[in-house]
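Here's the structure, in structure tokens; my notes come after.
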Amino acid sequence: MITSGIHVLLRLAPFALLAPAGCAGALPRAEAQFVDGDYPDAKLALVALEAESRTWNDGKRAEYALYRGLTHAALGDREQAGVWLLAAKAIEDAHAGSLSHEDAQRLKVAFESNDVP
């Protein structure tokens, strides 16, 4: 079941397609799967990127954690959603501007929507 916060995030989804290509295109593809509502495949793609994501800069790591959290939330796994959304928030808090404005808004909506336990 999709939470109400995810519905709001989907309205912001077209902005995700404007994300710069990077990470060999795998992260933008996973984000596109999320935007398309293909949450199981988005999750698989994001899980496959986890090890690689540890080498990325703050912005890409925050973006990865955000979409990993949003994907878990969309799949109804609030516990894992919380882990990843808190990670995205920690990076953004420590390095303001790591997330794009649109992604920072998505993170804010996720917290306001109680997607984080």
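The values are calculated or read from the model by the stated rules, or taken from the named source; none is laboratory data. As the structure is a computational prediction, the values presented were derived from the model and not from experiment. No Cβ is skipped: glycine too gets one built from the backbone with ideal geometry, and neighbour counts run over all protein chains shown.
Values as computed for the structure displayed
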| item | result |
| --- | --- |
| Subset of the range 108-117 (residues that are part of a loop (DSSP other than H, G, I, E, B) and either surrounded by fewer than 18 Cβ atoms within 10 Å (Cβ to Cβ) or of a type in the set (A, V, I, L, M) (or both)) | Ser113, Asn114, Val116, Pro117 |
| Residue that is surrounded by the fewest Cβ atoms within 10 Å (Cβ to Cβ) [pool: residues in the range 84-102 that are touching a helix residue (DSSP H, G or I) at 6+ places or on another chain (Cβ under 9 Å) and among the acidic types (Asp, Glu)] | Glu102 |
| Subset of the range 45-75 that is polar (S, T, N, Q) and touching a helix residue (DSSP H, G or I) at 6+ places or on another chain (Cβ under 7 Å) - its residue that is surrounded by the fewest Cβ atoms within 10 Å (Cβ to Cβ) | Ser53 |
| Residue check, Ala21 part of a loop (DSSP other than H, G, I, E, B), modelled with pLDDT under 95 and farther than 17 Å from Gly76 by Cα | yes |
| Selection status of Glu31, assigned to a helix (DSSP H, G or I), surrounded by fewer than 14 Cβ atoms within 10 Å (Cβ to Cβ) and of a type in the set (D, E, K, R) | no |
| Pair list, Cβ under 7 Å, 6 or more apart: the range 86-107 residue more than 18 Å from Trp56 (Cα to Cα) and part of a helix (DSSP H, G or I), other residue among the small types (Gly, Ala, Ser) and at pLDDT 95 or above | Leu107/Ala88 |
